[in-house]
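Report on the structure given below.
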Amino acid sequence: MVAPSRAPSHPMTMTSSTPPGPYAHFDAFSQPTLVVRAGEVVYVNPPLLALLKRPAEQVRGRPVWQLLGSEDEASVKERYQRRMRGEAVPTTYEVGITVGSGAARQVELTLERVGEDVVVFARDVTERAGRRQRMLELARLGTSLPTTAATEEAVLERLFAGLEALGLAFSYLVPVAGGRARIVRAWTPAGVQGDFESGTGHALEGLEGPLTPQLARAWAEGAVYADDYALEAAQFVDAPHAQFTRELLLRRGQVHFIVVRVDVEGAPRALLRLAGRWLRAEDLPMLRLFGAQVSTALNAARAIQHLSERNTALAALDRLATAAAAAPDPQGFFATGLSEVRGLLGCTGASLFLVARGARSLQLAHAEGPGLETLGAIHQVPIEGTLMGEVVRDGTARVVDRDVAEEPVRSMLAKQGLRTLALIPLQLHRRVVGTLNLAFTRARTLSAVELETLHAMGAHFAAAAHSHRLLSELRGRVDELSLLNDVARGLSTLEPVAQLTQAMERLLPTFEMDTGAAFQREGEELVLVAHRGLSPTTAFRLARLRNGTGPASLAARTGEIVVVDSLEQVDPGARKYLEVDGLQAVAAVPLVAKGEALGVLMLGRRRAAGLTPRELELLRSVGAQLGVALDSSRLFHEARRRAEDLAIVHEVGRSLTGTLELQQLLDRGVVNLARIVDAPDAYLFLADAGGERLEIRAAAGDHPELVGLYLPAQPPDSSLVARVFQTREGALVEDARTDPRVNPALRSRELGLGYLALPLVVRERTVGVAVISETRHTRRFTPQEVERAAAVANQLAVALDSARLYEDLKRSYAELARAHAQLVHTERLAALGELSAVVAHEVRNPLGAIFNSVASLKRLVGPQSPTLPLLEIVGEESERLNHIVNDLLEFARPAQPQLRAGALVPVLQDAVTAALAEAEGPVQVEWQLSEGLAPVPMDERLLRQALLNLAQNAVQVMPQGGRLHVRVAAQPGPREGVCVELTDSGPGVPPELRTRIFEPFFTTRAQGTGLGLALVKRIIESHAGSVEVTSAPDGGARFRVLLPVAHPARESAPLSTEVLARAGGSSAPRG
């Protein structure tokens, strides 16, 4: 710094344009200088005037900030003012100025205050600022390179465009083989590139040359600076054009250059060479950083490109997975998948080969695209000795170029116009299941991402193929399980016919069968229980199979499935019914349970096609399942039948124990015997007291007329019933028509075709025989049926014995009651007789005197005497009293009736006529007499007296007259007799008096003795009859008398041994 008061340190020569003063010594300075006072320029030296390109007059006296550019004027003015106030401000800074030519220059100002003046030293830094501005723009270009570009090409295009905009010559080189490099992109100022191409005949872009020392150094170190670009260019081109190239560039002046290396993914990728006059060695770090920015952008683009490729691959894999999930079959997925591969890689064609069963060859699964005619024609490729086989064996992808391929691959590629063939292993769980083959018409390599994607796609194809195989097996298994499940569900019915029908209907479509027949085993026969698709003729022929040689019989005997896939294998007899329905193949499946065939299921096809081992195994499982079901059904029905039998036996027992009436018990027992074995007829024979005869006491079925007939119990061989009675062993006759032990004379009677006879035994005593008859067909009663019938027979025997004991007891009680009643009655009659004798003796003597006196008085007074009516009254009352005494004597000393059979109607008519003679009023008699009445055993005198008393009683209750209805009719039923009814139109008998009206001495009339109806009851009962009183529908009383009829003596008729007896007969278990 130079203070204002000091003299200049060296002599100065003042020019005419600069007035003398304290700052004249600055005129000799080479550095532009000016002095500012109060904001105006007071001094300016010649170097500054030269910098400003203005005369002194345009500078001195003007504000200093007017010399600056408009953008710096305000800031310079503000700093000046702050400096003058003594504030701390920068002493050096750059500003822009406008020179006289109007050009802008960049100067660096250094300010020093000297008193009230400010000395300003200026330095032109325009070139430095320009280089700095270029470096700044270059840095901006580096930071502006896209880091989200999808491709490296987009980054490079942005780089090249930015360098060209900066006017910076560049060339982008990539190494090639042989220690050389190729210019990928280049730019030079106008004219240079054109002159080079016209002078050398080579385009700059695409030009290849050796790695120059600077290029090699930059490749090794990352960056290098050199000041002779002409030499660098001459070293890169070939020798004939080196001198021309050097001279061409030297004509443009001295040019410096910097080479930076571009790294991608941590490895050198290219070299960027920048050339310019302003480049200096100190710019090398900045350009090294610029190269790193380019590398970063390319790495980002490469990463994005990789991500894009991976995303594309993942999207393709996702579509492939979606297609795999949605495809109904592998072929559909293979077509979609190969189209996806072709779209992803741009290959001409693609094909899939899968390892065949046995792992000895590859089979073509699918081919897509043109150019694969030869591959498509090769449907099978051996693994041994082939390129595909190598890929399968080692699991490694192969990419084969036609030029290096071996025969016959090279010829095949050449024939189809293909250049590259890629073979990718299809791996699943480290196991190769096939190959994915890709064909390209151009030379092609596969990147790591592409190979990874193809391996992943190959895994999808492998999984699809494997899944299809598993799915096919699973579907087959599911179908099998579904079939077994459906069959099992159909077996829940426990009805054999329904079980076999449902199973057959399910099996026919599953095994693509046309006909089906289900047989159930009954003894030695196979009985057709259901069929589908068979003609009536065939169904008829198959209705019953017995020890035949056909498939069904053979399967039933051996317990193994019999498959007939040719009619030649069937004997002529069985072939006939197969030919009727056009069957070409038959499978007979035995239904086996516990080692025994319970039935056969026979399936038929109208086309010649056998069954696979898997189908046979499934049919064997179904047969076993149906066999178990049939066995369970059989056991269930046996259990249910036994339960029903027990229920019936229990019900029979209840019905037999529900009564002790012998006949009712017999009727119920015979019906239950027929019911327990489902037979139409049954008979019960009971032995008489001596055991000499067996009488039919009850019958169920169509022959009730046999009741009452008997068979002799001796000798045992006289009849089947006698034999059973004597031996106490049951007997069976299966067929009475063919059994030689049956009496031939009886076979035409058709009373039965099968018989079961059981003894009725109680306490080691045979009381009778039960015979069950089958009239509909021949029949062999099963052991279960015999067991059930024997149980009922045993119960019946016990019930019969109980009933007999009950009847004996009841009879004893009745006899005891009768004896007691007779004793009481006798005692009463004895007492009454004594009383009657006393009364008769004491009353009749006075009555005799009264009768005599009355007769004498009538003669004395004469007929005209007024006392005669009184005498008549005395006489009548005396007569009535005499009648009472007679009635009393007659009731007290009853006469024993002398019964003789006779007609009842005349006796009744006499009694009614006699009663009407005493009627006080008119009585109309209505007679209702039946014809053909049986004679009644009676004592005519006594019975007439009883009927007279009833008629008199009726007439007496109708003093004003009335209607008397007399009815006589036969009485049917177990107590056959004659019924006499007398119905009057009187007031009737109240209900409360009906039980007493027949008691002795009970009367409702003042004039009655109460002995008339009591006498009637005694007389009727002495005739073994009964009398009762009821009310008539239209009022009045109705007396009903029931008298037994006379029958000639009748004994049970003998039953011919031809009716039920069957000589011989097989033995049955003892009941």
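The values are calculated or read from the model by the stated rules, or taken from the named source; none is laboratory data. Remember, predicted model here, so these are calculated numbers, not experimental data. Cβ atoms come from the backbone with ideal geometry, glycine included; neighbour counts cover every protein chain shown.
For the stretch 696-731, a residue qualifies if it is surrounded by 18 or more Cβ atoms within 10 Å (Cβ to Cβ) and part of a strand (DSSP E or B), and the qualifying residues are Ile696, Arg697, Ala698, Ala699, Ala700, Tyr710, Leu711, Gly730, Ala731.
Answer with yes or no whether Ala139 is of a type outside the set (Val, Ile, Thr) and surrounded by fewer than 17 Cβ atoms within 10 Å (Cβ to Cβ). Judged against the criteria, Ala139 is a match. Somewhere in the stretch 201-212, is a residue modelled with pLDDT under 90 and outside any loop (DSSP other than H, G, I, E, B)? There is no residue in the stretch 201-212 that is modelled with pLDDT under 90 and outside any loop (DSSP other than H, G, I, E, B). Here is the figure for the stretch 127-148: residues that are out of contact with any Gly (no Cβ under 7 Å at 6 or more places or on another chain) and touching a residue at least 24 places away in the same chain (Cβ under 8 Å) total 15.
Just a yes or no: is a residue in the stretch 469-489 crowded, with 16+ Cβ neighbours inside 10 Å, at pLDDT below 85 and farther than 30 Å from Val622 by Cβ? Looking for residues that are crowded, with 16+ Cβ neighbours inside 10 Å, at pLDDT below 85 and farther than 30 Å from Val622 by Cβ, one finds none in the stretch 469-489, hence no. Looking across the stretch 38-73, the residues that are of a type outside the set (A, V, I, L, M, F, W, C) and in a strand (DSSP E or B) come down to Glu40, Tyr43, Pro63. Counted as qualifying within the stretch 494-568 are the strands (runs of 3 or more DSSP E) with 2 or more residues that are of a type in the set (A, V, I, L, M), touching a His at 6+ places or on another chain (Cβ under 8 Å) and crowded, with 19+ Cβ neighbours inside 10 Å, namely 515-522.
Residue selection: Ala895 satisfies the criterion of being outside any helix (DSSP H, G or I) and at pLDDT below 75.
Table: residues versus (1) buried (at least 16 other Cβ atoms within 10 Å of the Cβ); (2) modelled with pLDDT of 90 or more; (3) of a type in the set (Gly, Ala, Ser); (4) touching a His at 6+ places or on another chain (Cβ under 7 Å).
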residue	(1), (2), (3), (4)
Ala914	no, no, yes, no
Gly921	no, no, yes, no
Gln945	yes, no, no, no
Gln952	yes, no, no, no
Gln956	yes, no, no, no
Gln960	no, no, no, no
Arg967	yes, yes, no, no
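Here the condition is being free of Cβ contacts under 8 Å to residues at least 12 places away in the same chain, under 24 Å from Leu141 (Cβ atoms) and not aromatic (Phe, Trp, Tyr); of Ala223, Ala239, Ala203, Ala190, it holds for Ala190 alone.
Residue-wise test of (1) out of contact with any Ser or Thr (no Cβ under 8 Å at 6 or more places or on another chain); (2) surrounded by fewer than 18 Cβ atoms within 10 Å (Cβ to Cβ); (3) not small (Gly, Ala, Ser).
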{"position": "Gln193", "(1), (2), (3)": "yes, yes, yes"}
{"position": "Glu197", "(1), (2), (3)": "yes, yes, yes"}
{"position": "Arg217", "(1), (2), (3)": "yes, yes, yes"}
{"position": "Asp227", "(1), (2), (3)": "yes, yes, yes"}
{"position": "His256", "(1), (2), (3)": "yes, no, yes"}
{"position": "Val262", "(1), (2), (3)": "no, no, yes"}
{"position": "Ala270", "(1), (2), (3)": "yes, no, no"}
{"position": "Ala281", "(1), (2), (3)": "yes, yes, no"}
